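Working notes, beginning with the structure itself.
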Amino acid sequence: MSLVHQMPIEIGFKHCDPAGIVFYPRYAEMLNDTVEHWINHGLKIGFNNLYTNRNVAIPTVNLQVDFRMPSKPGEVITSNLSVKHMGRSSMKLQVNFCGPDGTVRVEALLTVVFASFDAIRAVEIPEDLRALIQPYMASES
């Protein structure tokens, strides 16, 4: 059974549009927050450490999002992150934002690439990071 990284998100006024629901671009920010939180608290390697000490960036190069149900101010939703695929230099991450009842509100699949800051090109995922990521690999069904 694979690990799923969870992060609660309290929906605030800042997230919403005049209709009183989360404005869809805010989910892109929440996705980035979820990945950063996973690296900091799930993998325990420090997001800032990647940039400052390891010269590694992990930009998102592809993003697919399905909006299933709206979220409103005052609700606490949970982002659930798992790794769908890990290649030589990239990963596909599945992130579902679920409401308090567990219903999926937003489903996202993002591809991130490990890249060198200096060379601005893809680099192989370091073995020590690969070992930390492995427990989050979703089971193939």
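The values are calculated or read from the model by the stated rules, or taken from the named source; none is laboratory data. Treat the numbers as computed from the prediction; the structure is a model and nothing was measured. Reconstructed Cβ throughout: ideal geometry from the backbone, glycine too, with neighbour counts over all protein chains shown.
Working only within region 71-92, note down all residues that are in contact with a His (Cβ under 9 Å, 6 or more places away or on another chain) and under 22 Å from H41 (Cβ atoms).
Across region 71-92, the qualifying residues are S79, N80, L81, S82, M91, K92.
Within region 71-78, is even one residue free of Cβ contacts under 8 Å to residues at least 40 places away in the same chain, within 18 Å of the chain's Cα centre (by Cα) and loosely packed, with under 12 Cβ neighbours inside 10 Å?
No, that holds for no residue.
Do we have D17 as of a type in the set (D, E), within 27 Å of S139 (Cα to Cα) and either surrounded by fewer than 13 Cβ atoms within 10 Å (Cβ to Cβ) or in contact with a strand residue (DSSP E or B) (Cβ under 8 Å, 6 or more places away or on another chain) (or both) here?
Spelling it out, it is not the case that D17 is of a type in the set (D, E), within 27 Å of S139 (Cα to Cα) and either surrounded by fewer than 13 Cβ atoms within 10 Å (Cβ to Cβ) or in contact with a strand residue (DSSP E or B) (Cβ under 8 Å, 6 or more places away or on another chain) (or both).
Name the single residue that is farthest from E107 (Cα to Cα) among those in region 47-68 being surrounded by 15 or more Cβ atoms within 10 Å (Cβ to Cβ) and without any contact (Cβ under 8 Å) to a residue 24 or more places away in the chain.
L50
Would you pick out the residues in region 117-141 that are among the small types (G, A, S), in a loop (DSSP other than H, G, I, E, B) and free of Cβ contacts under 8 Å to residues at least 40 places away in the same chain?
A119, S141
Select from region 100-124 the residues that are in contact with a Lys or Arg (Cβ under 7 Å, 6 or more places away or on another chain) and surrounded by 18 or more Cβ atoms within 10 Å (Cβ to Cβ) and write down the one among them that is modelled with the lowest pLDDT.
The selected residue is A115.
Checking the structure you have, find out if any residue of region 8-30 is within 19 Å of V112 (Cα to Cα), among the β-branched types (V, I, T) and either in contact with a Lys or Arg (Cβ under 7 Å, 6 or more places away or on another chain) or at pLDDT 95 or above (or both).
no
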